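Single-structure report; data block below.
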Amino acid sequence: MATMLRQYILPINMKMNLSTQSKTHYDTLKLSPKATHNEIKSAYYKLTLEYHPDKNKSESAKEIFQQLSDAYEVLGNHKLRKQYDRTIAVKRINIDEIQRTSSRQEHTVKSTDKIYNFDEWSQAHYGLIFQKSMYRKSQREEYLKRMKWLHQDEKSLTRKVNLAAIITILVFICLYIYDKDTDNDKPIK
């Protein structure tokens, strides 16, 4: 009896919870989900002028103004709007599924196969390109390391050659000075 009661009450409760949350941010701003960013912005500014607490002194105006601000915070940001649209789509799929199952007198919620795995799709379509770009990147990094090593090796070689040249010049100067001192003591024959 209890399981039968749960079978009838659970889908009804889920349907009621989802239906009470059916007011979306689009509804708050009185827009359609296909509205452009400029339409969202203009609707927000128009409604905030109407419901701003400084201009509208009613208690409901504060609540409406807060809802407008929340809606614009989500819909005004492209990334947040995209995520929000996805959650709305998932909720609608779940509501449709519940309505279909309750109309058929089936009281179990079925999962939909329409949930798409974007990571799998990306890997299938762009996996080879990604691997090639990673290979090119590693090759470039190796090339830059080799060039840096060669450049450092070239600097050390230049230093060694310069040091050898300075030592050679000093040796010749010392020999010249020594030879000059020794030539003066001996008579020329």
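The values are calculated or read from the model by the stated rules, or taken from the named source; none is laboratory data. Keep in mind that this is a model prediction, so the values were computed, not measured. For neighbour counting, all protein chains shown are included, and Cβ atoms are generated from backbone atoms with ideal geometry for every residue, glycine included. Note: accessible area is taken over every heavy atom of the protein model, side chains too, but ligands, DNA and RNA are not part of it. Shrake-Rupley method; radii C 1.70, N 1.55, O 1.52, S 1.80 Å.
Please count how many residues of the range 117-141 are open to solvent by less than 100 Å² (accessible area, probe 1.4 Å) and part of a helix (DSSP H, G or I). Walk me through how you get there before you give the answer.
We begin by selecting, within the range 117-141, every residue open to solvent by less than 100 Å² (accessible area, probe 1.4 Å); these are 117, 121-122, 124, 127, 133-134, 138-139, 141.
Retained after the next criterion (residues that are part of a helix (DSSP H, G or I)): 121-122, 124, 127, 133-134, 138-139, 141.
Adding up the residues that qualify gives 9.
Exactly one condition in (1) open to solvent by 70 Å² or more (accessible area, probe 1.4 Å); (2) in a helix (DSSP H, G or I); (3) at pLDDT below 85 is not met by Val109; state its number. Among (1) open to solvent by 70 Å² or more (accessible area, probe 1.4 Å); (2) in a helix (DSSP H, G or I); (3) at pLDDT below 85, Val109 violates only (2). Inclusion of Ile93 among residues that are modelled with pLDDT under 85, within 28 Å of the chain's Cα centre (by Cα), open to solvent by less than 90 Å² (accessible area, probe 1.4 Å) and of a type in the set (A, V, I, L, M) is warranted.
Cβ separations smaller than 7 Å between residues 6+ apart or across chains give the following pairs from the range 72-95 residues that are more than 15 Å from Lys23 (Cα to Cα) to residues that are in a helix (DSSP H, G or I) and open to solvent by less than 70 Å² (accessible area, probe 1.4 Å): Gly76/Ile40; Leu80/Val74; Arg81/Val74; Arg81/Leu75; Asn94/Leu18. Can you confirm whether Leu31 is surrounded by 15 or more Cβ atoms within 10 Å (Cβ to Cβ) and in contact with an Asp or Glu (Cβ under 8 Å, 6 or more places away or on another chain)? Yes; evaluated as a whole, the condition is true for this residue.
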